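The values are calculated or read from the model by the stated rules, or taken from the named source; none is laboratory data. Nothing here was measured: the structure is a model prediction, and the numbers come from that model. Because the Cβ atoms are built from the backbone with ideal geometry, glycine has one as well, and the counts that use them run over all protein chains shown. Accessible surface is based on the protein model in full, side chains and every heavy atom, while ligands, DNA and RNA are left aside. Shrake-Rupley method; radii C 1.70, N 1.55, O 1.52, S 1.80 Å.
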Amino acid sequence: MKICITSDGDNLEANVDQRFGRCAYFILYDYDTDTFEAIPNTNASGTGGVGIQNATMMVEKGVEVVITGNLGPNASRVLQQAGIKTVTGVSGKVKNAVENFKKGLL
């Protein structure tokens, strides 16, 4: 299972970014192999529609769950239509979000 966590840095020690559309990085964590990949959010400086663009990218990357602080309605709709689960209101370290997800707390 592949999980996306919005992040303000490129590692598990970074904080969960509160913004999906304009986060600094996406941490793609592979639940099965316990590995991750940090992807810079190249859409963050766009003028509009960045949430939809990022949601589409998550679909293309095969993400099954998105963990973030806030998620706009347009991005939420794209993710929902693709069957991707979303968890909002998350803060703190990315590694803690991953651990809490593993424990079923999110």
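Key figures for this structure:
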| quantity | calculated |
| --- | --- |
| Whichever residue in region 27-37 is in contact (Cβ under 8 Å) with a residue 60 or more places away in the chain and open to solvent by less than 20 Å² (accessible area, probe 1.4 Å) and, among such residues, is nearest to Asp17 (Cα to Cα) | Ile27 |
| Count - residues of region 76-106 that are among the β-branched types (Val, Ile, Thr), in a loop (DSSP other than H, G, I, E, B), more than 16 Å from Asp8 (Cβ to Cβ) and open to solvent by less than 70 Å² (accessible area, probe 1.4 Å) | 1 |
| Count of region 52-75 residues which are open to solvent by less than 20 Å² (accessible area, probe 1.4 Å) and either charged (D, E, K, R) or within 17 Å of Gly89 (Cα to Cα) (or both) | 6 |
| Every residue from region 35-51 that is modelled with pLDDT of 95 or more and either of a type outside the set (Ser, Thr, Tyr) or closer than 11 Å to Tyr25 by Cβ (or both) | Phe36, Glu37, Ala38, Ile39, Pro40, Asn41 |
| Test: residue in region 38-46 that is open to solvent by 30 Å² or more (accessible area, probe 1.4 Å), assigned to a helix (DSSP H, G or I) and of a type outside the set (A, V, I, L, M, F, W, C) | no |
